[in-house]
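Bear in mind these aren't lab numbers, they're just calculated from the coordinates by the rules spelled out. This one's a predicted model, so the numbers in the text were calculated from it and none came from an experiment. Counting neighbours? That spans all protein chains shown, and the Cβs are built from the backbone with ideal geometry, glycine included.
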Amino acid sequence: MDKVKKEFPEGMVPLGKSVFHFRCGPDVECYMQCCRKLDLILYPYDIIRLKNRLGISSEEFMRNHTRLGPSGHPFFPSVMLLMADNDERICPFLDENGCSVYEDRPTACRTYPLERAVDRSSGRGSQDDYYFMTNHSYCLGHQETKEWTVKTWLKDQKIQHYNAINDLWAEIDTLFSQNPWQGEGVGGPRQQMAFMVCYNIDGFRAFVRENKLTEQFKLESSQRRIIAEDDEALLKFGFEWLKYVLADQGRLIRK
């Protein structure tokens with residue numbers, strides 16, 4: 001999700017419409033090797049999908065399955081998947097049969113063996129997506145004969161919806177990179193609030209309810225009902241609310 005120029009570093013060639021070969025499964029010799037020793041970033045929507053899959057609260061998920069790591073700027077951390085505390089650093093959701101959360105696996109796992117880069121520098125109010133092939137020596141899936149294009153891979157892995165919500169998150173992270181915390185420093189109240197909105201959706205729902213937050217803005221009653229019930233809708237509202245309170249931007253209009 002990094003912003004890139006159309007001239008790419010040496011050795012990085014976007015796939016475009018070209019065909020690539022890949023297949024993963026229990027009969028591929030390296031099966032599950034890619035689920036070890038990872039520094040895997042979790043985006044806000046990843047956490048919603050995973051905590052609902054596990055049937056736990058977002059607070060419990062954050063406490064038991066994540067750690068903080070550096071991001072692309074110093075003003076807001078990344079959230080990383082917490083791997084097992086052993087030499088193999090195995091993914092906590094890996095069992096003897098493979099990924100136990102496969103239908104709700106994170107963006108990075110879903111996109112692999114591709115990597116995505118986004119160029120928003122055109123100034124047209126749109127963006128260009130580029131996909132590159134990873135090159136990990138342990139992965140033998142590249143030697144398989146199954147053919148894909150980027151388009152067929154994205155559809156097969158159901159990545160488009162993840163990307164759409166992650167792009168909304170990227171807008172918020174860009175706002176965070178401008179240090180909108182008004183000098184309060186790392187871990188101040190505004191930053192803690194922003195962290196809750198992005199990563200503790202159940203905590204944010206309680207905050208919205210207690211403060212009657214949706215009633216403070218011009219929203220249709222149907223929108224309020226959906227926001228109250230649906231994690232994804234609440235996350236999108238939270239992103240717009242952060243734009244409003246941190247930068248006086250976005251689409252929310254106060255009554």
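Matching residues to (1) out of contact with any Cys (no Cβ under 7 Å at 6 or more places or on another chain); (2) β-branched (Val, Ile, Thr); (3) farther than 15 Å from LEU40 by Cα:
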{"residue": "ASP95", "(1), (2), (3)": "yes, no, yes"}
{"residue": "THR107", "(1), (2), (3)": "yes, yes, no"}
{"residue": "ASP119", "(1), (2), (3)": "yes, no, yes"}
{"residue": "GLN127", "(1), (2), (3)": "yes, no, yes"}
{"residue": "MET133", "(1), (2), (3)": "yes, no, yes"}
{"residue": "TRP148", "(1), (2), (3)": "yes, no, yes"}
{"residue": "THR152", "(1), (2), (3)": "yes, yes, yes"}
{"residue": "ILE159", "(1), (2), (3)": "yes, yes, yes"}
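Step by step: first the residues of segment 137-173, then only those that are surrounded by fewer than 14 Cβ atoms within 10 Å (Cβ to Cβ) and acidic (Asp, Glu), then the one that is farthest from SER18 (Cα to Cα). Which residue is that? I'd like the intermediate steps shown before the answer.
At the first step, the residues of segment 137-173 found to be surrounded by fewer than 14 Cβ atoms within 10 Å (Cβ to Cβ) are 137-138, 143, 145-147, 151-152, 155-156, 158, 160-161, 164.
Add one more test, that the residue is acidic (Asp, Glu), and what stays is 147, 156.
Numbers: GLU147: 10, ASP156: 17 Å.
Per the stated criteria, the residue is ASP156.
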So LEU168 clears everything in (1) within 26 Å of ILE56 (Cα to Cα); (2) assigned to a helix (DSSP H, G or I); (3) without any contact (Cβ under 8 Å) to a residue 24 or more places away in the chain except one condition, right? Which one?
(3)
Out of the residues in segment 174-194 that are without any contact (Cβ under 8 Å) to a residue 60 or more places away in the chain and in a helix (DSSP H, G or I), which is surrounded by the most Cβ atoms within 10 Å (Cβ to Cβ)?
MET193
Under 6 Å by Cβ, and 6 or more places apart or on different chains, what pairs join a residue from segment 79-95 that is surrounded by 12 or more Cβ atoms within 10 Å (Cβ to Cβ) with one that is hydroxyl-bearing (Ser, Thr, Tyr)?
VAL79/THR66; VAL79/TYR199; LEU82/THR66; PHE93/SER100
